[in-house]
1. Would you mind computing, in nm to one decimal, how far apart the modelled labels at Glu154 and Glu229 are, each placed 7 Å from Cα along Cα→Cβ?
2. With an 8 Å cut-off on Cα pairs and a minimum separation of 6 or more residues, tell me the relative contact order of the chain in percent.
3. Using the heavy atoms of the protein chains alone and a 1.4 angstrom probe, what is the accessible area of segment 147-277 per residue in square angstrom?
4. Where a ≥ b ≥ c are the square roots of the eigenvalues of the C-alpha gyration tensor, would you call segment 15-65 rounded, which needs a/c under 1.5, or, failing that, prolate if a/b is larger than b/c, or oblate?
5. Quote the FRET efficiency, to the nearest 0.05, computed for Tyr32 versus Glu145 with a Förster distance R0 of 30 Å and r equal to the Cβ-Cβ distance.
6. Size of the dipole of segment 192-234 about the Cα centre, Lys and Arg at +1 and Asp and Glu at -1 on the beta carbon, nothing else charged, in debye to 20?
7. Which order do Asp42, Asp50, Asp7 take by accessible area at a 1.4 Å probe, largest first?
8. Carbon and sulfur: what percent of segment 1-141's accessible surface (1.4 Å probe)?
Amino acid sequence: MSNSTMDQLNSLLPEWLETSRLHTGQGKVASYIPELVKASQDELGIHIMDAEGNHVSAGDCGVPFTMQSISKVFTLILALMDHGEEAVFFNVGKEPTGDDYDSMIKLELVDPGIPFNPLINAGAITVSSLIAGDCKEEKSRRILEFFRKLANNERLNYNEAVFQSESESGHLNRSLGYFLKHNGVLKDDVEDVLAVYFRHCSIEVTCADLGRMALVLAYNGTDPVTGEELIPRRYVQIAKTFMTTCGMYNASGEFAIQVGLPAKSGVSGGILTLVPGQFGIGLVGPALNRKGNSIAGVHLLERLSKEFDWSFF
């Protein structure tokens, strides 16, 4: 089925992408991180890869962009591999919030004062503190090595300009960090933890890198191209569950209904998603809707899911 689907995608995807690109004018490029404003409003690209390494790309799929919140899926997995479920979920919860991804309101109002899930900013900052390593540099090195392995790309690296921009403008994230420290959730130095967090958000990828990382999740932690097991199946299960319930910010429920695939978006316009047992998908479209997701990217994924009956619901 995969080969026939890939043939269909090769013929249909370019036209479908251009139809979705028309929606970019209805969105806005993220501006709260100043460096992200430089992205082009009308860019849209996608890369889809199967277990044999066959792939189809369309649009601006070669444009580099930073992972931003997409990185949270993989730092969660690495923290689970470092410490196990009990330790990680002692510090962060498992439930959607219904609040904005950068809100701190429930840290104050709901006992025991831990973040509701690992994919909101407070949760991802907490997870960053749980990555094994003696210092911030060691933690960041391990994260980058892990991401390179998953993407099968040793050239993956940080975008230093975005890292500096996030560090200098991240006042709300800094507030979240110090509130977590006040609540006893963070044990390490807040600025060191934030440096790790800002660094993994600023790792630069292309759609092909995201597609390969998603393919590992689609095959339950094994890279089907090389046959190497990179992540324990249980931790992929946990990550995909969070992607389904929390991965598209406050539009996660709507995305589950309209697309029905595990996904994680980032404010650079990236979306990582997958068709379990079939495909890894990486997409970028910097123009965001009001929920913070790529407006044209979501439109394209809705069409793909409906036309190929990809929803797992």
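1. 2.6
2. In percent, rounded to a whole number, it is 27.
3. Each residue of segment 147-277 exposes 36 Å² on average to a 1.4 Å probe.
4. Values: a/c = 3.37, a/b = 1.64, b/c = 2.06.
In terms of gyration-tensor shape, oblate.
5. 0.55
6. Working: 4 positive and 6 negative charges, 34 e Å.
That gives a dipole near 160 debye.
7. Correct descending sequence by accessible area is Asp7, Asp42, Asp50.
8. Summing carbon and sulfur atoms, their accessible area is 52 percent of the total for segment 1-141.
The values are calculated or read from the model by the stated rules, or taken from the named source; none is laboratory data. Bear in mind the structure is a predicted one, so any value in this text is a computation, not a measurement. Ideal geometry is used to build each Cβ from the backbone, glycine not excepted, and the neighbour counts take in all protein chains shown. Note: areas computed on protein heavy atoms with side chains; ligands, DNA, RNA excluded. Shrake-Rupley method; radii C 1.70, N 1.55, O 1.52, S 1.80 Å.
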